[in-house]
Amino acid sequence: MSFFKKLRDSIASKTESVTKQFKDGLEKTRKGLVEKVTDLVIRRKKIDEEFYEELEEILIGADVGVNTVMNLIEDLRAEVKKRKIEDAAELQPVLSEKLTDLLRGEQNNELKMNPDGITVILFVGVNGVGKTTTIGKLAHRFKQQGKKVIMAAGDTFRAGAIEQLEVWGQRAGVDVIKQQSGSDPAAVMYDAVQAAKQRGADVLLCDTAGRLQNKSNLMDELNKIYRVIQREIPSAPHEVLMVLDATTGQNALNQAKLFGEKSGVTGLVLTKLDGTAKGGIVVAIRQELDLPVKLVGLGEKIDDLQEFDSEQFVHALFAGLIQEQPAEGAEDENTQS
């Protein structure tokens, strides 16, 4: 059975609305990556050195990452020899299969929940990446699942951050614990944990300050927040999610490297994937950081935050080719159009 056929069958069991969100959210990347690959296959037909060079350029242009692209091209060369592939069209399912493997990784990308009480999720990341919006959307998501959620406005330094979280609290129907602007974030966290306990909350979502990652005082602040939370709930925080803006490409990767090493990050959230043609950054991040991508932002609506799913991601990218598959999924018809 062809890879595309297997992928289509696997996606068939998943929620249609989520599949549509991935497709819509990754439209720009699909045009920037897959349509260029398809065009290359139609133009060149033959797999030669120039073909590999052009493919390399397309993948690097989609921010898949230079190291990852080099390894991927080497893998493709090996597959071409092994399978004795001559027609470039036959390489598309092989490429998509390799991308799925690269994205899948070995870690579990589900959010870790506390089985014995309140789940505490801490959000870190520089200003402007969509951190507060992500917290609001995740609050809505948990609320839809029937969970009681509280949000903590721990970003007390950025102008408007507390008010922004309050707006999301109103939209999602969730309480926000806050203090005055400029107050001690650890004190806000203490209040939030007490409120979560008193109100029987299932989930506590904590916003934190997002000034530049190279300022040691920000790391000191985070460590203080950890200590306050752990004193009250020893197993917390259950997740420390770093929020990255996908539209910044390699810059997001550099942020994650600098910030993640120091702040105990357990997973990543990639926002604004719908706003970039460089969605290949997800592949680069999965390969270069030993961290799972847990959530992705695929649009501006309140329910556009989704759990990351490598199959949905690749399916959305190669949607046009997959739709063209005959029912039998014959290997040699993978790229008919």
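The values are calculated or read from the model by the stated rules, or taken from the named source; none is laboratory data. All values reported here derive from a predicted model rather than from experimental measurement. Cβ sites come from the backbone with ideal geometry, for glycine too, and all protein chains shown count toward neighbours. Heads up: the accessible areas ignore ligands, DNA and RNA and are worked out on the full protein's heavy atoms, side chains in. Shrake-Rupley method; radii C 1.70, N 1.55, O 1.52, S 1.80 Å.
In region 179-193 there is at least one residue matching the filter, namely being closer than 13 Å to Ile135 by Cβ and either within 23 Å of the chain's Cα centre (by Cα) or assigned by the TED database to the domain that holds Ala277 (or both). Give Ala62, Ala78, Ala88 a once-over and let me know the one that is more than 24 Å from the chain's Cα centre (by Cα), buried (at least 19 other Cβ atoms within 10 Å of the Cβ) and among the small types (Gly, Ala, Ser). None of the others qualify; the one that does is Ala88.
Per-residue answers, yes or no, for (1) in contact with a strand residue (DSSP E or B) (Cβ under 7 Å, 6 or more places away or on another chain); (2) over 24 Å from Asn71 (Cα atoms); (3) free of Cβ contacts under 8 Å to residues at least 24 places away in the same chain:
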{"site": "Leu268", "(1), (2), (3)": "yes, no, no"}
{"site": "Lys272", "(1), (2), (3)": "yes, yes, no"}
{"site": "Ala277", "(1), (2), (3)": "no, no, no"}
{"site": "Ala284", "(1), (2), (3)": "no, no, no"}
{"site": "Leu291", "(1), (2), (3)": "yes, no, no"}
{"site": "Gly299", "(1), (2), (3)": "no, yes, no"}
{"site": "Leu305", "(1), (2), (3)": "yes, yes, no"}
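Residue-level check: of (1) among the small types (Gly, Ala, Ser); (2) over 30 Å from Leu298 (Cα atoms); (3) surrounded by 18 or more Cβ atoms within 10 Å (Cβ to Cβ), Ala246 misses just (2). Only one entry in Lys36, Lys20 is open to solvent by 80 Å² or more (accessible area, probe 1.4 Å) and in contact with a helix residue (DSSP H, G or I) (Cβ under 8 Å, 6 or more places away or on another chain), namely Lys36. For the residues Leu165, Leu122, Leu205, Leu138, the requirement of being modelled with pLDDT of 95 or more, surrounded by 23 or more Cβ atoms within 10 Å (Cβ to Cβ) and over 16 Å from Leu295 (Cα atoms) singles out Leu165. Among the residues here, Ile322 qualifies as modelled with pLDDT under 90 and among the β-branched types (Val, Ile, Thr).
Scanning region 212-234 for residues that are open to solvent by 70 Å² or more (accessible area, probe 1.4 Å) and at pLDDT below 85 yields Leu212, Asn214, Lys215, Ser216, Asn217, Asp220. Scanning region 149-161 turns up no residue that is exposed (fewer than 15 other Cβ atoms within 10 Å of the Cβ) and modelled with pLDDT of 95 or more.
Can you confirm whether Ala187 is touching a strand residue (DSSP E or B) at 6+ places or on another chain (Cβ under 7 Å) and either under 28 Å from Thr248 (Cβ atoms) or open to solvent by 10 Å² or more (accessible area, probe 1.4 Å) (or both)? In short, no. Scanning region 256-288 for residues that are open to solvent by 10 Å² or more (accessible area, probe 1.4 Å), assigned to a helix (DSSP H, G or I) and at pLDDT 80 or above returns Asp274, Gly275, Arg286, Gln287, Glu288.
The set of residues from region 289-299 being among the charged types (D, E, K, R) and either at pLDDT 90 or above or within 12 Å of the chain's Cα centre (by Cα) (or both) comprises just one member, Lys294.
Taken over region 1-57, the residue count meeting the criterion of being outside any helix (DSSP H, G or I), free of Cβ contacts under 8 Å to residues at least 60 places away in the same chain and out of contact with any Leu (no Cβ under 7 Å at 6 or more places or on another chain) is 5.
Within region 180-202, being among the polar types (S, T, N, Q) and modelled with pLDDT of 95 or more holds for Gln194, Gln198.
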